[in-house]
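Trainee: One structure follows; several queries about it will come next.
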Amino acid sequence: MATTVQNEKGAAARLTSEQVWNKVAAQSFAVLGYVTPPGEPRASGVVYKTLGRHLFVAVAPDSWKARHIAASGRVSVTVPVRRGGLLSLVAPIPPATVSFHGTAMVYPAGAAETRSLLEELGALLPTERRASASIIEIVPEGAFVNYGLGVSLTKMRDPSAARSRVRVDP
């Protein structure tokens, strides 16, 4: 579904939810934000895979991520999207980003859901860790908050031109 979004300068940009999902699906690394039960913020780098319109992360069952996310069920995610092709290997080109919040469900190690998901997510962890892994399923909500998607590298220098919001379509 095409969604016209307004950037900070009021210029209409054509960026669809489908285009943003494609960028998210093409990546594999994200920063996952969550809070501890006392309300302290935490962030962790994670490797993920998309299945449909959900993100999946494999974690150790006794990890902070598994414990704290299970307690709150809420997360934020920022996906860096590499820009600049070969030029980014020699010049300091920052990545574009896609950020969103969402709900999260932690499936414990050994659960039926975990076993079936691990078959599809096999590349996320070595075979020897699959039996002991928990899976976090993340369902994005609200809007994708983007920086640098759908604009030229030179436009990324102008924050008001490089920012956009696109509704998360399920």
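Trainee: Considering only protein heavy atoms and a probe of 1.4 Å, how much of the accessible area of the chain is carbon and sulfur, as a whole percent? Each step should come with its number before you reach the end.
Mentor: Numbers: 5170 of 9020 Å².
Result for the chain: 57 percent of the exposed heavy-atom area is carbon or sulfur.
Trainee: Another question, if that's okay. What spacing in nm lies between the two simple spin-label points modelled at ALA111 and ARG157, each 7 Å away from Cα in the Cβ direction?
Mentor: About 4.9 nm, to one decimal.
Trainee: Which residues in segment 42-67 have a backbone N closer than 20 Å to a point placed 7 Å from the Cα of VAL35 along the Cα-to-Cβ line?
Mentor: Only 42-45, 64-67 pass the distance filter.
Trainee: Once phi is turned into θ = phi - 60°, what whole-Hz ³J(HN,Hα) does the Karplus curve with 6.51, -1.76 and 1.60 give for every residue of segment 101-108, x standing for Gly and Pro?
Mentor: 10, x, 8, 9, 10, 9, 9, x
Trainee: Explain nothing, just the number: relative contact order of the chain, from Cα pairs under 8 Å at least 6 residues apart, as a whole percent.
Mentor: Relative contact order comes out at 26 percent.
Trainee: Using the crude model of +1 on Lys and Arg Cβ and -1 on Asp and Glu Cβ, and no other charge, please compute the dipole size for the chain relative to its Cα centre, in debye to 20.
Mentor: Working: 19 positive and 12 negative charges, 103 e Å.
Dipole of the chain, to the nearest 20 debye: 500 debye.
The values are calculated or read from the model by the stated rules, or taken from the named source; none is laboratory data. Note that the structure is a prediction, hence the values are computed from the model and not measured. With ideal geometry, Cβ positions are generated from the backbone for all residues, glycine too; neighbour counts draw on all protein chains shown. Accessible surface areas use protein heavy atoms only, side chains included; no ligands, DNA or RNA. Shrake-Rupley method; radii C 1.70, N 1.55, O 1.52, S 1.80 Å.
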